[in-house]
Amino acid sequence: MTNDPALYQRFAKYNAWMTEKVYAAAGELSDEERKADRGAFFRSVHSTLNHILFADRAWMGRFTGRAYEIRGMGVDLFEDFADLKEAHLAMCADITIFSDQLTPEWLAGTQVWTSVTDKKQRQRPRWLLVSHMFNHQTHHRGQVSTLLSQAGKDIGVTDLPFMPDLIKA
């Protein structure tokens with residue numbers, strides 16, 4: 001268990017850095033290429049990016065009480081790539097602000113929520129759910145990275161210890 005906000009603040013910076021890198025590489029593809037079914041769980045680069053944003057919005061809504069637009073699991077929030085990118089980068093900023101305000105006491109608490117998929121109420125330790133949100137992003141960004149690589153696009157270094165602000169330290 002970790003109640004150390006510094007961990008989540010680092011993950012928020014990593015999320016923003018990696019999201020920018022993924023969108024830069026995805027932006028090198030045509031809209032048709034981004035939306036092509038490549039056999040991934042969420043089919044395409046575009047739909048997988050939509051799914052990451054969907055999950056971030058769902059968790060951040062639960063954590064903050066802010067009403068973010070979400071649709072059903074696997075339903076794209078944005079058809080237009082530029083709109084998706086803008087919304088996703090805005091979500092990264094919201095996550096950074098949220099992480100900067102975390103306290104050990106809040107992280108030690110319990111989160112109660114109703115699942116979007118099965119409508120059942122659940123409760124888990126907040127530190128676990130915040131960890132899950134960041135792990136979920138990384139998991140699906142890894143899928144996008146593979147899809148981009150298969151399309152001939154390399155997003156570059158993805159390792160947390162090699163983030164630009166850590167290299168200078």
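Results, tabulated for the structure shown:
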{"read-out": "DSSP loop trypsin sites (Lys or Arg not before Pro) with at most 11 other Cβ within 10 Å excluded, longest remaining stretch of the chain", "value": "1-65"}
{"read-out": "Entries in LYS85/LYS119; LYS13/LYS35; LYS21/LYS153 that, when Cα-Cα distance is taken, lie over 19 Å", "value": "LYS85/LYS119; LYS13/LYS35"}
{"read-out": "Candidate values (1) 1.04; (2) 1.26; (3) 1.14, label of the one derived for Cα Rg over 2.2 N^0.38 Å", "value": "(1)"}
{"read-out": "Local electrostatic count, ASP154, Cβ distance below 13 Å [Lys/Arg +1, Asp/Glu -1]", "value": "+1"}
{"read-out": "At most 14 other Cβ within 10 Å, DSSP loop - GluC sites (Glu not before Pro), the range 1-86", "value": "GLU28, GLU69, GLU79"}
{"read-out": "Shape call, the range 99-169: gyration tensor on alpha carbons, a/c limit 1.5", "value": "oblate"}
{"read-out": "Karplus 3J(HN,Hα) series, Hz, for the range 22-37 with 6.51 cos²θ - 1.76 cosθ + 1.60 (x for Gly, Pro)", "value": "5, 5, 4, 5, 5, x, 7, 8, 6, 4, 4, 5, 5, 9, 5, 5"}
{"read-out": "The range 5-167 - percent relative contact order, Cα under 8 Å, separation 6 or more", "value": "32 percent"}
{"read-out": "Ranking of MET60, MET73 by count of other Cβ atoms within 10 Å, fewest first", "value": "MET73, MET60"}
{"read-out": "Cut-off under 5 Å, modelled amide H: who pairs with ALA40 long-range", "value": "none"}
{"read-out": "Selected from ASP94, ASP31, ASP118 as most flexible by GNM, with the chain as the system and alpha-carbon contacts under 10 Å", "value": "ASP118"}
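All of the numbers you see were taken from the coordinates with simple rules; none came from a lab. Remember, it's a predicted structure, so these values are computed and weren't measured experimentally. Don't worry about glycine lacking a Cβ; one is built from the backbone with ideal geometry, like all the others, and counts go over all protein chains shown.
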